[in-house]
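Have a look at the structure below, then the notes.
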Amino acid sequence: MNGEKRKHKINFIAPGLILAGVIFLMAGIWRGEAYTVFMKAVNICLECIGVG
């Protein structure tokens, strides 16, 4: 019986964490953070290659 409770609890937590992640992702896109992250990634990549 204890195993059934634990499985039910895990099944309840996982969708909640996924939903929270999607909400935070959408909030970041809405605030314009996607452009900032992309520009930082481009700069780091160019530094690693040695072009920038």
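The values are calculated or read from the model by the stated rules, or taken from the named source; none is laboratory data. Worth saying up front: this structure is predicted, and the values here are computed from it rather than measured. In this analysis, Cβ positions are derived from the backbone assuming ideal geometry, glycine residues included, and neighbour counts consider all displayed protein chains. Just so you know, the surface numbers come from the protein's heavy atoms only, side chains and all, with ligands and any DNA or RNA stripped out. Shrake-Rupley method; radii C 1.70, N 1.55, O 1.52, S 1.80 Å.
Across segment 29-39, rounded Karplus estimates of 3J(HN,Hα) from the backbone phi angles (6.51 cos²θ - 1.76 cosθ + 1.60, θ = phi - 60°) give 5, 5, 7, x, 6, 4, 5, 4, 5, 4, 5 Hz, Gly and Pro being marked x. Estimated at the nearest 10 Å², the accessible area of residue 23 is 100 Å² with a 1.4 Å probe.
If you rank 42, 37 by how much accessible surface each has, with a 1.4 Å probe, what is the order from largest down?
Ranking 42, 37 by accessible area, largest first, yields 37, 42.
A simple rule links phi to the HN-Hα coupling: the Karplus curve 6.51 cos²θ - 1.76 cosθ + 1.60 with θ = phi - 60°, which for segment 14-25 gives 4, x, x, 5, 5, 4, 4, x, 5, 5, 5, 4 Hz, with x for Gly and Pro.
Give, as a single signed number, the net charge of other residues whose beta carbon lies under 13 Å from the beta carbon of residue 40, with Lys and Arg counted +1 and Asp and Glu -1.
Once positives and negatives cancel, what remains is -2.
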